[in-house]
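The values are calculated or read from the model by the stated rules, or taken from the named source; none is laboratory data. This one's a predicted model, so the numbers in the text were calculated from it and none came from an experiment. Don't worry about glycine lacking a Cβ; one is built from the backbone with ideal geometry, like all the others, and counts go over all protein chains shown. Only protein heavy atoms, including side chains, enter the accessible area calculation; ligands, DNA and RNA are left aside. Shrake-Rupley method; radii C 1.70, N 1.55, O 1.52, S 1.80 Å.
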Amino acid sequence: MAQHLTERDVRGIAEYARIGLDEAEVAQMTADLNAIIDSLKPITEYDLAGVEPTFHPIGGLSNVMREDAEEPGFAQEVALANAPAAQDGCFLVPSILGEGGDR
Amino acid sequence: MRVLEEVLRDWEAVIGLEIHAELTTLETKMFCGCKLEFGAPPNTHTCPVCLGLPGALPVPNKAAIESIVLAGLATNCDIERRSMFYRKNYMYPDMAKNFQTTQGPVAFCMRGHLDLAVDGPAARERVDAAALSEGEALGNIVRTAEGYTAHVGITRIHMEEDAGKMVHVGGGEGRIAGATHSLVDYNRAGTPLIELVTEPDLRTPEEARLFMQKLRQIYLAIGISDCSMEEGSLRCDGNVSLRRRGEAEFGVKTELKNMNSFKNLHDGLAYEICRQAEVLEEGGRVLQETRHWDPSAKRTIVMRTKETADDYRLFPEPDLAPYNLSEEFVERVRAKLPELPDARAARFERDFGLSPYDARHLVESAEVAAFFEACMDEAAAEAGALAKPVANLLINDVTAHLNAHAGEALADLPLTPARAVELVRLVSEDAISSKQGKEVFAAVLAEDEDPAVIVEARGMRQVSDAGAIEAVVDAVLAANPDKVAQYQGGKTGLIGFFVGQCMKEMRGQGNPKVINELLAKRLG
Amino acid sequence: MAAAERAFPAMGVREIRAGLAAREFSAREIAEASLARIRALDGATHAYLETTERLALDQAERIDAAVAAGELSACGPLAGVPVAFKDNMNLAGTHTTCSSAMLANYVSPYTATCVARTIEAGGIPLGKLNMDEFAFGSSTETSAFGPSRNPWDLERVPGGSSGGSAAAVAAGLATVALGSDTGGSIRQPGSFCGTVAVKPTYGVVSRYGVVAFGSSLDQVGPFARSVEDAALACNAIAGRDALDCTSQDVRTDFTANLAEGVRGMRIGVVPAFMEAQGLTSEVKAKVEEAANHLSALGAKLVEVDLPNAQAAMSAYYVLGPCEAFSNLARFDSVRYGYRDPGHKDLGGQYEASRAAGFGPEARRRIMLGSYLLSAGVYDTYYYPAQQVRTLITQDYARAYEQVDCILAPVSPRTAFRFGEVSDPTDMYLSDMFTISINIAGNGGMSMPVGLGADTNLPVGVQLISPQFKDENMLRAAAALETVYGPAPVAPGFAPDAVEPLGRPASLPDAADAVAGVDLPGLAGADGKAGE
């Protein structure tokens, strides 16, 4: 099996995907992902020169839009009903700093 | 740190802008039917779509697509018939889906431009323009009589959605640093947002400011946004790098944020240019980083360093059908294009004989321009003669008043087009002096009364009768023989003293023009 | 037999309607007896995650009122029919867990269009059905709430990801159940449990309110024990929805040509499928048998070639994870979902909540998608996968120049034992015959054709339609049904079973779960679903 990803790569991917993995999980994930990526090989071997991609499965559908008309939404308590933590009508999250800050 | 004008003699600044405008004049959000309303109680304008609930799907607002096409047509862009939405994936709590729906390599609007007229003090920052003779071109600029024009390329305008709003609690002054937690409000999440990206064609902070001002005038004219910089519906980021004059290679750029007023845009860029020059002159290296303009400290501070490009895992949004805009769609939008500020200014020059400078400043505000046109209707046959003084009144007195009284609109002032015309007519007929004109203007605003009535009530009628003035002039000269001698000995600056004495004698009602003429004759 | 003891969910749509019309029983009796049957038997199958008693009784009351007023016909085609929904479909006031710990406590404030339409059509909503976590799997073994069991053999998986939906229908615990299919998730469990299982063409059924896995691949469809019931369910849920841009204006009556027979139909057979490695002889034999029956009924069998179909698997395992990675990013512990307690910084909370909230398969797919979309890698896998999609779509289009419908295996084998397939890449192979249909967007269905010769377990054959010609496969399926008969309730769950396999279930009810939240009444009460 080809080594597409190292454990270090996998840690980087996990960080981007925001999934905390311990050492054992990183090792297992690395093995699993390498096996799966191996199985994707056929896709890299096709001669696809000049073939247009199909990003949207049903061709012909385009310009689907709605009119600029207001629809009823949620009351504040409904919006917040599933919030793990809320305060002053807002969703509450712990300190963001160290999160890559701005965009 | 050296000052900007000095720095720009040695260094050329290369500036590009990214300008976000919320389409605040629409009723609803970009991908759902939630109402757009600034300042509503938190999380009262949400639904499954803009809260990013599991299973929700977006449906684009047709009016938003029309708005961006309108913006593209108004900024000389090509309208791309075929484009798609993409997902820009990154996790941040103000983004309900943790991806932003935006556009990919092809945006609705591509390859546009705006031409800026830069003159007066604003032109001084462009040191290489000074050496040109009128009509001569250099790069993207052409020298004019009053300054120069700059051709600024627009890379693209793409459609996207705004994020929610966050309040950071527990730190100082709502800052994220030191905050113990943050509160998220998704009312703004999903607000239709258009992002315009310029080419790196700007060379001075003034050009950047003028570009932003001009774009704002256009957006206001086409009615797609309230363009409120205070409320954040118009926002600007800048990319700045320096290179030695004469060099072709771009330097390392920094991205500048929080320039939320025209002044901050100018001052932030000016500071950053000087800062980079200092770093480079001391042999240092400019780091690729995002910096935040702090207007109170008057400096930029690092927000984060990014030595590698962000990887947003962009891919086509499968939940939204691609666009294939018809000719008919684009033409229907084009038919909605109003007269744009440049065209209006050209018409003012042509129809009323205004200077390019006056015409341009009149159209800076659609409201002022419309008022000017109403005045010209009022002036009827005298339009040609009164255009210049009416323009002056609007550009100087009215604009100064509005600038000094934030929140007041021209429409709310007691000054009507009829009163404005009456006022300038009184001055142009020499019934009152221009100085008295200013007093009357203030009185119109304060008392909500017609200029003629004010002039009458205050006995302000100007004395232009040469006989009456002659007597005063003679008396003043007779009372000051020593000053007369000094004047005739070469101290011609004393003319102001004599005029002042005459005016004092006449309680300010003497026509200064006649006084000046008579004094010149007597002293000559 | 007293009405309360009757196994209504083991009946068909037509039988229920006739009984209601004749006032042989009431909708209330249907609702109560159905819920009682679930309580009595679902402990064995674990098809249900939650029942919706109050919604069921409200709906029954509405139907009984209509019957009393002589207006049964106004109640819709599924009047009084016991229905249930895969737990990735939102129903306001009930949980939508996607069988994930991430959403264990999530109570939805809105209703999916397909759910609303089923209820508007008169269906009596019994509850929410188990599945593989976020639909990642082919066995329901990845459910955070324990797997469902195959009613034909409780030691075996029901298939997946819509395993609960298939099990509920096969066990006679629902007449119609909705599932979703991203790579075979309706058809494969349909085959394993011996039910009719339809994945319509992409765009036929609105996806609004169905928690997304692969947005360009997902499609909702029904499970039923007869072709007609499945077609009636399709009639109820199909059609344009203003809330889903990819839904289309479908006005087909899916029951219209069920009685036509297959005389004159051209039915394609793909030789490469029949020779595929891993296809068991009992399944192969059943497909050949079905082909012979169709031929005997007057259809013309035509060999067709799908030269790029073998690339579908790798394209699917690129596109699915990429879309899933992005779709599952919203589960971040901020607005809803599991929040790992005690974190002082958001980064730590994100990582711990997503690590604990997602199971191993969900984490694998998210990680894979994140990798495949990253700069540089995108051009190696994602973009070519979308090009391959073009080739596969063209393959099908070419094949349908020659045929009206294609016959193929669904799964290479019958239901496997729990734990028997543990390697992820092996598990992925169970979708080898179904995936290309999702890639191309065609309609496909599993039609039960009796039991396999070796395992004595249900086998389904796959019928595949051209895009928006779903009536073709239903027509061929109806012809096969004349040979094989309607799908039976699994023997151990049949109303007349000597010794029922059931044992009592202790299921939460939505009304308990949402104490203090006012449950909406019937469809449309949330004001968001449907057109």
Notebook entry, point to check: Which condition breaks for B:Val476 when tested against (1) open to solvent by 20 Å² or more (accessible area, probe 1.4 Å); (2) outside the structural domain of B:Glu367 (by TED's automatic domain parsing); (3) without any contact (Cβ under 8 Å) to a residue 40 or more places away in the chain?
Noted result: (1)
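So that you can scan it fast, the table gives a plain yes or no per residue for (1) β-branched (Val, Ile, Thr); (2) open to solvent by 10 Å² or more (accessible area, probe 1.4 Å):
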| site | (1), (2) |
| --- | --- |
| C:Ala166 | no, no |
| C:Gly184 | no, no |
| C:Val220 | yes, no |
| C:Arg225 | no, yes |
Checklist line | Residues (under 18 Å from B:Ala248 (Cα atoms) and either surrounded by fewer than 15 Cβ atoms within 10 Å (Cβ to Cβ) or of a type in the set (Lys, Arg) (or both)) located in the range B:121-136 | finding: B:Arg126
Check: Applying the selection to the range B:395-414, what residues are of a type in the set (S, T, N, Q) and open to solvent by less than 80 Å² (accessible area, probe 1.4 Å)?
Finding: B:Thr399
Next item on the list: Could you check, for the range B:21-35, whether at least one of its residues is more than 24 Å from B:Gln103 (Cβ to Cβ), within 14 Å of another protein chain (Cβ to nearest Cβ) and surrounded by 14 or more Cβ atoms within 10 Å (Cβ to Cβ)?
Entry: yes
Item checked: Number of the exception - C:Phe145 against (1) open to solvent by less than 10 Å² (accessible area, probe 1.4 Å); (2) away from chain B (no Cβ under 14 Å); (3) among the aromatic types (Phe, Trp, Tyr) -> (1)
Check: Restricting the search to the range C:329-350, which residues are crowded, with 20+ Cβ neighbours inside 10 Å and at the interface with chain A (Cβ under 9 Å from one of its Cβ atoms)?
Finding: C:Ala329, C:Asp332, C:Ser333, C:Val334, C:Arg335, C:Tyr336, C:Gly337, C:Tyr338, C:Arg339, C:Leu346, C:Gln349, C:Tyr350
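Hey, among the residues in the range B:308-325 that are open to solvent by 50 Å² or more (accessible area, probe 1.4 Å) and at pLDDT 90 or above, which one's nearest to the other protein chains (Cβ to nearest Cβ)?
B:Asn324
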Item checked: Residue within the range A:55-62 that is open to solvent by less than 30 Å² (accessible area, probe 1.4 Å), facing chain B (nearest Cβ under 9 Å) and closer than 30 Å to C:Ala352 by Cβ present -> no
Notebook entry, point to check: Hey, B:Ala189 hits all of (1) of a type in the set (A, V, I, L, M, F, W, C); (2) more than 30 Å from B:Thr28 (Cβ to Cβ); (3) more than 20 Å from the chain's Cα centre (by Cα) but one; which does it fall short on?
Noted result: (2)
Notebook entry, point to check: C:Gly298 is checked against (1) facing chain A (nearest Cβ under 7 Å); (2) outside any helix (DSSP H, G or I); (3) touching a residue at least 24 places away in the same chain (Cβ under 8 Å) and fails just one. What number does that condition carry?
Noted result: (1)
Check: When the range B:116-162 is examined, which residues are found to be in contact (Cβ under 8 Å) with a residue 60 or more places away in the chain, farther than 30 Å from B:Tyr86 by Cα and touching a His at 6+ places or on another chain (Cβ under 7 Å)?
Finding: B:Asn140
Next item on the list: Would you point out which residue out of C:Ile406, C:Ile435, C:Ile439 is facing chain A (nearest Cβ under 9 Å), open to solvent by less than 20 Å² (accessible area, probe 1.4 Å) and either touching a Lys or Arg at 6+ places or on another chain (Cβ under 9 Å) or within 19 Å of C:Met274 (Cβ to Cβ) (or both)?
Entry: C:Ile439
Notebook entry, point to check: So which of B:Leu210, B:Leu193 is out of contact with any Cys (no Cβ under 9 Å at 6 or more places or on another chain), within 14 Å of chain A (Cβ to nearest Cβ) and crowded, with 20+ Cβ neighbours inside 10 Å?
Noted result: B:Leu193
Note to self: So in the range A:85-103, with the set limited to residues that are in contact with a Pro (Cβ under 9 Å, 6 or more places away or on another chain) and at pLDDT 95 or above, which one is most open to solvent (accessible area, probe 1.4 Å)?
What the structure shows: A:Asp88
Note to self: Being open to solvent by less than 70 Å² (accessible area, probe 1.4 Å) and either within 14 Å of another protein chain (Cβ to nearest Cβ) or of a type outside the set (A, V, I, L, M, F, W, C) (or both) is true for just one of B:Thr305, B:Thr300. Which residue is that?
What the structure shows: B:Thr300
Next item on the list: Return yes when C:Leu243 is within 14 Å of chain A (Cβ to nearest Cβ), open to solvent by 20 Å² or more (accessible area, probe 1.4 Å) and within 30 Å of B:Lys88 (Cα to Cα) and no when it is not.
Entry: yes
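Step by step: first the residues of the range A:67-84, then only those that are more than 7 Å from chain B (Cβ to nearest Cβ) and not in a loop (DSSP other than H, G, I, E, B), then the one that is surrounded by the most Cβ atoms within 10 Å (Cβ to Cβ). Which residue is that?
The residue in question is A:Val78.
Within the range B:149-186, work out how many residues are farther than 30 Å from B:Met110 by Cα and not hydrophobic (A, V, I, L, M, F, W, C).
Total meeting the criteria: 13.
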Check: Only one of (1) of a type outside the set (Val, Ile, Thr); (2) touching a residue at least 60 places away in the same chain (Cβ under 8 Å); (3) assigned to a loop (DSSP other than H, G, I, E, B) is not met by C:Gln277, so which one is it?
Finding: (2)
